[in-house]
Amino acid sequence: MIRTAVFGAAGYIGGEVLRLLLGHPETEVTAAVSSRFPGKRVDSVHPNLRSATDLTFCDAEQVPECDVVLLATPHRSAMALVRQWASRTELLIDLSGDFRLKDADAYKHYYGVAHEAPELLDSFVPGIPELHRDELRTARLISVPGCMATAGLLALRPPAACGLIASRVLVDGRTGSSGSGATAGEGNLHAERSGAMRVFAPVAHRHEAEIAQHTGLDVRMTATGVEAVRGVQVVCHTELAPGADHRAVRAAYREAYADEPFIRMVAHKRGVYRYPEPKILLGSNFCDIGHAADEGSDRLVVIAALDNLVKGGAGNAVQCLNVRMGWPESYGLSFPGLHPM
Amino acid sequence: MIRTAVFGAAGYIGGEVLRLLLGHPETEVTAAVSSRFPGKRVDSVHPNLRSATDLTFCDAEQVPECDVVLLATPHRSAMALVRQWASRTELLIDLSGDFRLKDADAYKHYYGVAHEAPELLDSFVPGIPELHRDELRTARLISVPGCMATAGLLALRPPAACGLIASRVLVDGRTGSSGSGATAGEGNLHAERSGAMRVFAPVAHRHEAEIAQHTGLDVRMTATGVEAVRGVQVVCHTELAPGADHRAVRAAYREAYADEPFIRMVAHKRGVYRYPEPKILLGSNFCDIGHAADEGSDRLVVIAALDNLVKGGAGNAVQCLNVRMGWPESYGLSFPGLHPM
Amino acid sequence: MIRTAVFGAAGYIGGEVLRLLLGHPETEVTAAVSSRFPGKRVDSVHPNLRSATDLTFCDAEQVPECDVVLLATPHRSAMALVRQWASRTELLIDLSGDFRLKDADAYKHYYGVAHEAPELLDSFVPGIPELHRDELRTARLISVPGCMATAGLLALRPPAACGLIASRVLVDGRTGSSGSGATAGEGNLHAERSGAMRVFAPVAHRHEAEIAQHTGLDVRMTATGVEAVRGVQVVCHTELAPGADHRAVRAAYREAYADEPFIRMVAHKRGVYRYPEPKILLGSNFCDIGHAADEGSDRLVVIAALDNLVKGGAGNAVQCLNVRMGWPESYGLSFPGLHPM
Amino acid sequence: MIRTAVFGAAGYIGGEVLRLLLGHPETEVTAAVSSRFPGKRVDSVHPNLRSATDLTFCDAEQVPECDVVLLATPHRSAMALVRQWASRTELLIDLSGDFRLKDADAYKHYYGVAHEAPELLDSFVPGIPELHRDELRTARLISVPGCMATAGLLALRPPAACGLIASRVLVDGRTGSSGSGATAGEGNLHAERSGAMRVFAPVAHRHEAEIAQHTGLDVRMTATGVEAVRGVQVVCHTELAPGADHRAVRAAYREAYADEPFIRMVAHKRGVYRYPEPKILLGSNFCDIGHAADEGSDRLVVIAALDNLVKGGAGNAVQCLNVRMGWPESYGLSFPGLHPM
Amino acid sequence: MTTATQTCPECDGALTIDDSVRMSEVLECPGCRSELEVVATAPLLLALAPEVEEDWGE
Amino acid sequence: MTTATQTCPECDGALTIDDSVRMSEVLECPGCRSELEVVATAPLLLALAPEVEEDWGE
Ligand SMILES: NC(=O)c1ccc[n+]([C@@H]2O[C@H](COP(=O)([O-])OP(=O)(O)OC[C@H]3O[C@@H](n4cnc5c(N)ncnc54)[C@H](OP(=O)(O)O)[C@@H]3O)[C@@H](O)[C@H]2O)c1
Ligand SMILES: NC(=O)c1ccc[n+]([C@@H]2O[C@H](COP(=O)([O-])OP(=O)(O)OC[C@H]3O[C@@H](n4cnc5c(N)ncnc54)[C@H](OP(=O)(O)O)[C@@H]3O)[C@@H](O)[C@H]2O)c1
Ligand SMILES: NC(=O)c1ccc[n+]([C@@H]2O[C@H](COP(=O)([O-])OP(=O)(O)OC[C@H]3O[C@@H](n4cnc5c(N)ncnc54)[C@H](OP(=O)(O)O)[C@@H]3O)[C@@H](O)[C@H]2O)c1
Ligand SMILES: NC(=O)c1ccc[n+]([C@@H]2O[C@H](COP(=O)([O-])OP(=O)(O)OC[C@H]3O[C@@H](n4cnc5c(N)ncnc54)[C@H](OP(=O)(O)O)[C@@H]3O)[C@@H](O)[C@H]2O)c1
Ligand SMILES: [Zn+2]
Ligand SMILES: [Zn+2]
């Protein structure tokens, strides 16, 4: 069994990493780090793990030797942990925003502070099996993209790579409340957040930089918090390049994703669930993608959905781990989602 | 215009008091007290009041002379404010739990601390127009009951008063998240509270003492937080006294409530909304009440619903104010609720 | 008292028209038409009206003479009713889609059937007080726009009229479930619709034609059903015209809406509710509008929110009626909305 | 691989049976019966199965030979199918209400129609591994209890069997909307059902008979539909028998459930999730149970929660199948549930 | 049009019934929304129509 | 108490400011809720206080 340590284990992403690693046939959890709850049972914070483990949280100093370290802490705190652990472990997977952008200036622009380990930025392999599977097989440092960024870049990369997109892309992201983590704050109070359609980033959401980096497109992002705990959806608006048509778009997706275990193309003419929608994906590692044409125009609309804590974070990390270890990619990730939900 | 001052004006009950007083034809708000937001606009906390007022919050020390003081602060803090204001104003209405129970020992038992102004307990008239209308006309101190308590005591008082209830009553209360106020805490985080069926008081919820006091019954209460922001429902289980029947129960309600402007009997044989349900009452001052018989048994089930911030708090306070001032009872309280919702 | 008759009174818009007319100081309801429920009490379908009326539904044939007819029936059925009633009443207000588009071909394109009364299209005054107040004062036929269309056209008209918008506008509409009416269908089943982010119109939503008509812009609309019963929000993406800047945009809104009783500009730098959001508007007639700039770019993002059944339908109709009758515009429309919600 | 056929496969329970059997290491689905959708893909109705199967629905007549038949059709229709299939298959598991009550008169009383196969009632083994594990090992006909009944009987059986309960038990059941199946109806419309606290059975809910049958208690049940799609909770109120105390109650549960793979005792003094709550159980086969004492009284309150479609139906059926086949009981049932949710 | 007052057999609530009521007509009680069938007119006699069951939470 | 009208540097909205305003006092613009610091009083000069970011949807 591969020994893993999870930092930020009392958070939402950390809890999901624990759930997946505890259900994984090849991994064990040797440390679940929390500064607030050392000594407390993991299931006192994550009650869904009541039957799954007797593990207790530990302090950062108590983490024993292990094979894989996963960082599920806020950005900025991850930088320090990377310095500390990069050389002490076979594989480090960072789920924070610290090593997603390759450009330290872009980091400064979007995160408002200077990067403290810019020399390490190039050492990280993006945690996107669909785009970097080969590099991941030998990676020592992996940086998993943001939740809406994952949806957006998986949605846009195939047509972008085929030169089918002419112009700027507007990415409209919608997210549930777990996207902002387990930290209580005025705006996350149930009575305030419930039933919200809160445009918290009318322009310039951070994830636009990640999507741009992975697609080469001019991406502008707007983000809205909607009523949901889990789940992210992006609706991307752009225009086809001259000469491109929707048949070419479909071919681009088919080519790129035909063999991907966790990507499904969803654009149906009938039924209730015609386009990608998060609610049937909760707990699953799928990213559903669909596109639509506006008859008699050059518009292209692409929609993608995923569970922000799974394919948008912890699940994607585990998929990367599986790739890196040469295990079947679906190990620990076989839950298909629920209907109705 | 009657000049009012509202303490705890940045809270949920305080905000609702402001909404109602600002829409009331005979009142004006001269002070909205908040220690956290002095100088800030009231509508920066209560965005629904954006068009209704340019008022800003003030400190407790800045409250000018006024005719009516309304306390919407937590229990314990109300006691001190009562001492301070009781003699300086024509009418004081307390919405906290501090002066609801007539017995200082019961207060100690249910609130865990000794009462600091037991000598004032008897001076308060219960803020229940349906039971104390005459005393309210001349009251100087009014104590409005708790939200689930209001539903429970209005539901049980008529059959209790007629001697139709034989035994202990189990009151099962269900409440939305606004019932615990605007204070962010782990358990009120949207991602935790959303979709909850949280039995936060399996036994001995405080409001049982209030219901017992107003009905003379042996009341035991269980309370569950369910998915809703506003709204409270109680389901009361008990047994008919020997000789009593459901016809007598119906007569008791008809007798007690025929002319009540804010009580409606709801126990229908058809339609979607057969029994009292909070969602169609949001924003309104109604308490809907219905009862059911278990054929061939002595069981009596009574159901009541209301909006905890209106009839369960601020609306009830305004109704008491209307009674006290000799105004029509519906002044400021005419909103009927919405459907669908 | 002005006598009104409401067709489609058992539907969601019809019920909201009834609520507002019953609470209006100058109107009475003489007929509430329903083919499914003739003879049944109005409050058996709309339980929020339990205290407000003893009215029963009637058949279309039983409608007595009256001063104002309001049509809240599906499109296509409204056309026939208009022919029948246009000459028999002083004022007819149609809430359906039948007389919103001035161009019969556009109607055919967007509604899929030929218009059956194209000669009447020009006789209808658009039910938009903000744009057509003077014409409304003498109107005999009024056509109220669609819910998302109202949000979109009120959001875009001021900068469009001032020539500040250069290009195509993408309107991203989000709607609650009441937007599709009271008709049970597979997709509207609670277990399917709950928690949805259903992109039901990735391109070419009907309301784009209405927004285009009232703004002169090239409008493309996408629509998503989100978790909510009531409430609509639009997020509009476009680019500033050469030479235009955000200061000019702000001035355009101030100029257009400074004296509007039901428009509020909302784009705040602090607080939880920084941009327009429907949940605090439920039951109210406000349309909140805000805009944002993307620093160092020509992007303009405009956000608007309203309650689809009020400012997006019934409330707007009542505001038009108030204008037409010379009554204060806020008659019957004074409810400010709730917080928390 | 064991060949299974599922009747009612287009329904909510049927879909959940499919999900579990498709993820089960020892079973395959040879027929998914639907009269409405023959020839259509199973995933056109259950979109969560998009990646899991290419199966299409078939007519009842097209069902091939198979080893196990599962009935997920409404009561009454199951009777006929049992007659037809009981002798043609090795094992039949009925999920409807038709063979749950051992007494045909009770059936008539609670279901309103006469039983058409009363002679078969005794041949069915109750599908409750916790109570009938040994009989299930050799069963040919299994009848799975109702969702709230399962929660209630698992909650009450241990103290009842030990003689610790003195009196009548009031069972207060709360259920999500999937409990009424996939049939669109006025009351299940999203705009009506959303945010509901609908007391649809103030007295005499059917499941009370099942709980009584399995516990020997005098059970009275009330049921309320609350805002949720999945999930059931029961709160049971009763009194301790003379001489019994809470220590004995705890011992009874420990004794009964210590080795049960899908029962967890949950009654914590700290944390957000102190008592059983469905939301963290969605998709899992757990039934969580907790109890509380009312200090200085003889009251006993027992709370249980489960996912109505899993432990309350399909999951329980699969657990029974595992017992019957001698497979590990957790086969196909390892998903632990999600947090946050 | 003259009216008479009757008591609902289900909920004892008051029913105002106008004279023009015919045999077999179905009235709705405002108190409990029971459907009441006119089974005789002189004197007026009302009988409960059967209740519509909801089928929930199986 | 006399008042003066100023324009918000953020949203161009009108700000009514009374004479008693002091250096370093923080005012709230009713239009955009920016916090505006009084950085000079004669003539009156207002400067934007830094915006509070929300950190959502990572
Ligand atoms: N939520 C999502 O949808 C999502 C998706 C993808 C990626 N992410 C990323 O995942 C990370 C965690 O997000 P989350 O949503 O799980 O947040 P969260 O629920 O707030 O959890 C973060 C955890 O990090 C720990 N922590 C806080 N400050 C720390 C510090 N300075 N040093 C070490 N540990 C610290 C905290 O635990 P203690 O206080 O107990 O130590 C906390 O439990 C973030 O970087 C986020 O950007 C989140
Ligand atoms: N929520 C309900 O459904 C409901 C119903 C009926 C009655 N009540 C009662 O109404 C009262 C307020 O409840 P709520 O739900 O509105 O709570 P809330 O939202 O937490 O508001 C309470 C307000 O009181 C102020 N406050 C806190 N501590 C104070 C102190 N020591 N002295 C003076 N003011 C203090 C706070 O404002 P600052 O910090 O800005 O000063 C806060 O905004 C409570 O007594 C509650 O029991 C509530
Ligand atoms: N929902 C919204 O947000 C919204 C907003 C603005 C405008 N509108 C417009 O308002 C109208 C009503 O919408 P809604 O959402 O209220 O729909 P709804 O809930 O389905 O109600 C429509 C009503 O119209 C009646 N009706 C149906 N077919 C009819 C026909 N052929 N002739 C006469 N009456 C008929 C039905 O009553 P009976 O079967 O009992 O006769 C029904 O109650 C539509 O034109 C819609 O576009 C809706
Ligand atoms: N929902 C729950 O929580 C739950 C829990 C435990 C047990 N149950 C029981 O499970 C059964 C199914 O419930 P459900 O909630 O899944 O209901 P549902 O969603 O309405 O599905 C029932 C299915 O049965 C089929 N059906 C209907 N009438 C039939 C007939 N006369 N003969 C054969 N098939 C028929 C229908 O499919 P076609 O029309 O396509 O044939 C339908 O898809 C019920 O007996 C229920 O009591 C339900
Ligand atoms: Zn009646
Ligand atoms: Zn400003």
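Worth a mention:
- Considered as a group, the residues in region A:147-205 that are among the basic types (Lys, Arg) and within 12 Å of chain C (Cβ to nearest Cβ) include one that is nearest to residue A:238 (Cα to Cα), and that residue is A:168.
- Condition check for residue B:139: in a loop (DSSP other than H, G, I, E, B), within 19 Å of the chain's Cα centre (by Cα) and at pLDDT 95 or above: yes
Matching residues to (1) small (Gly, Ala, Ser); (2) surrounded by fewer than 24 Cβ atoms within 10 Å (Cβ to Cβ):
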| position | (1), (2) |
| --- | --- |
| B:161 | yes, yes |
| B:187 | yes, yes |
| B:200 | no, yes |
| B:208 | no, no |
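- If the condition is being surrounded by fewer than 22 Cβ atoms within 10 Å (Cβ to Cβ) and either without any contact (Cβ under 8 Å) to a residue 24 or more places away in the chain or not hydrophobic (A, V, I, L, M, F, W, C) (or both), then region C:165-178 contributes C:167, C:168.
- Residue count for region C:40-55, restricted to those that are touching a strand residue (DSSP E or B) at 6+ places or on another chain (Cβ under 8 Å) and more than 8 Å from chain B (Cβ to nearest Cβ): 6
- Flag if residue B:131 is part of a helix (DSSP H, G or I), more than 30 Å from residue A:185 (Cα to Cα), over 16 Å from the mean Cα position of the chain (by Cα) and hydrophobic (A, V, I, L, M, F, W, C): no
- Region D:273-292 residues that are over 15 Å from residue D:152 (Cα atoms), paired with ones that are assigned to a helix (DSSP H, G or I) and modelled with pLDDT of 95 or more (beta carbon under 6 Å, 6 or more apart): D:273/A:47; D:280/A:47; D:280/A:48; D:285/D:310; D:285/D:311; D:285/D:315
- Test result for residue A:195, within 30 Å of residue A:292 (Cβ to Cβ) and under 18 Å from the mean Cα position of the chain (by Cα): no
- Matching option when the condition is surrounded by fewer than 24 Cβ atoms within 10 Å (Cβ to Cβ), among the small types (Gly, Ala, Ser) and in contact with a Pro (Cβ under 8 Å, 6 or more places away or on another chain), among D:304, D:252, D:267, D:293: D:252
- Matching residues in region D:46-74 - criterion: being within 14 Å of ligand 4 (Cβ to nearest atom) and closer than 21 Å to residue D:312 by Cα: D:46, D:69, D:70, D:71, D:72, D:73, D:74
- Inclusion of residue C:326 among residues that are over 16 Å from the mean Cα position of the chain (by Cα), closer than 21 Å to residue B:334 by Cβ and touching a residue at least 24 places away in the same chain (Cβ under 8 Å) is not warranted.
- Only a single item in (1) within 12 Å of chain B (Cβ to nearest Cβ); (2) crowded, with 20+ Cβ neighbours inside 10 Å is not met by residue D:287, and it is number (1).
- Neighbours by Cβ (under 7 Å, 6+ apart or cross-chain): first from region A:118-137, within 22 Å of residue A:286 (Cα to Cα); second of a type in the set (D, E, K, R) and assigned to a helix (DSSP H, G or I): A:125/A:135; A:131/A:157; A:136/A:324; A:137/A:324
- Whether a residue is of a type in the set (Gly, Ala, Ser) and out of contact with any helix residue (DSSP H, G or I) (no Cβ under 9 Å at 6 or more places or on another chain) was assessed, and residue A:96 does not pass this test.
- The set of residues in region C:7-62 that are out of contact with any Leu (no Cβ under 9 Å at 6 or more places or on another chain), closer than 23 Å to residue B:263 by Cα and assigned to a strand (DSSP E or B) contains only C:56.
- Check on residue C:273, among the aromatic types (Phe, Trp, Tyr), more than 12 Å from chain A (Cβ to nearest Cβ) and touching a Pro at 6+ places or on another chain (Cβ under 8 Å): no
- Per this entry, residue C:96 is counted among residues that are among the small types (Gly, Ala, Ser), at pLDDT 95 or above and either crowded, with 17+ Cβ neighbours inside 10 Å or not in a strand (DSSP E or B) (or both).
- Sub-6 Å Cβ pairs linking a first residue in region C:179-190 that is away from ligand 1 (no atom under 16 Å from the Cβ) to a second residue that is in a loop (DSSP other than H, G, I, E, B) and of a type in the set (S, T, N, Q), at least 6 apart or interchain, are C:179/C:308, ordered by first then second residue.
- Residue A:73 meets the stated requirement of being within 14 Å of another protein chain (Cβ to nearest Cβ) and more than 16 Å from ligand 2 (Cβ to nearest atom).
- Hey, residue A:310 of a type outside the set (Phe, Trp, Tyr), in contact with an Asp or Glu (Cβ under 7 Å, 6 or more places away or on another chain) and within 26 Å of residue C:205 (Cα to Cα) or not: no
- Whichever residue in region A:212-269 is away from chain C (no Cβ under 14 Å) and on the phi > 0 side of the Ramachandran plot and, among such residues, is farthest from the chain's Cα centre (by Cα): A:243
The values are calculated or read from the model by the stated rules, or taken from the named source; none is laboratory data. Computed from a prediction, not measured in an experiment: that's the story for all the values here. Note that we place each Cβ from the backbone using ideal geometry, even for glycine, and neighbour counts take in every protein chain shown.
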